[in-house]
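The values are calculated or read from the model by the stated rules, or taken from the named source; none is laboratory data. These numbers come from a predicted model, not from an experiment. Positions of Cβ are backbone-derived with ideal geometry, glycine not excepted, and every protein chain shown enters the neighbour counts. Surface areas here come from the heavy atoms of the whole protein model, side chains and all, with no ligands, DNA or RNA. Shrake-Rupley method; radii C 1.70, N 1.55, O 1.52, S 1.80 Å.
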Amino acid sequence: MDSPIVVAILVFLSIYAIFLLIRLFADFFLVGIALGSAVLAYNIKYFYPEFLMVLDEVKILNLLGITLPREHPTGGAIFVIASLIIIVAVLLSIPFLPFSATYRQLLGIENPIFARKEEKVRAWIHEEIQRYNQNQPED
């Protein structure tokens with residue numbers, strides 16, 4: 001560890017390893033956020049007083065100018081809480097999106113491996129068709 005080159009190599013490899021782990025687990029984090037949000041939304045009616053307590057502590061309802069009933073949730077109250085759950089989930093997901101393989105594939109940044117092989121197969125088929133057409137006698 002006295003050599004600066006060893007320290008530099010270890011720093012480089014550790015940074016690379018951290019980004020590799022983030023990239024490997026980015027889709028799992030996104031699925032976890034979505035699943036956790038779905039569980040929260042499913043339990044809105046059961047934990048309505050707790051949701052109200054959290055929203056009052058954060059003072060988001062005052063900021064938005066929304067009042068929700070205190071005793072029993074109405075359809076509108078459930079919609080407001082579900083919307084806030086969606087907004088928080090999307091905000092939590094944003095840092096993981098650049099590392100997500102699914103997101104990168106949807107944007108077309110990375111072609112899947114089988115697409116590259118498909119291009120080779122198409123090129124071979126095109127070659128064979130051209131050879132076949134050149135060898136055919138003209139009528």
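Among the residues making up segment 57-73, those that are free of Cβ contacts under 8 Å to residues at least 24 places away in the same chain and among the aliphatic types (A, V, I, L, M) are V58, L61, L63, L64, I66, L68.
For segment 25-70, the set of residues classified as open to solvent by 60 Å² or more (accessible area, probe 1.4 Å), in a loop (DSSP other than H, G, I, E, B) and at pLDDT 90 or above consists of K45, Y46, F47, listed by residue number. When E127, E118 are screened for being open to solvent by less than 100 Å² (accessible area, probe 1.4 Å), at pLDDT below 85 and more than 30 Å from A17 (Cα to Cα), only E118 passes. Any residue at all in segment 16-24 that's part of a helix (DSSP H, G or I), open to solvent by 90 Å² or more (accessible area, probe 1.4 Å) and either charged (D, E, K, R) or not assigned by the TED database to the domain that holds R104 (or both)? The answer is yes; a qualifying residue exists. The C-beta contact set for segment 80-96 (first residue assigned by the TED database to the domain that holds R23, second residue open to solvent by 90 Å² or more (accessible area, probe 1.4 Å) and among the hydrophobic types (A, V, I, L, M, F, W, C), distance under 6 angstrom, 6+ apart or interchain) comprises F96/F29.
Candidates in segment 76-102 are the residues that are crowded, with 16+ Cβ neighbours inside 10 Å and polar (S, T, N, Q); of these, the one that is modelled with the highest pLDDT is S93. Of everything listed in (1) open to solvent by less than 100 Å² (accessible area, probe 1.4 Å); (2) in a helix (DSSP H, G or I), the single unmet condition for P73 is (2).
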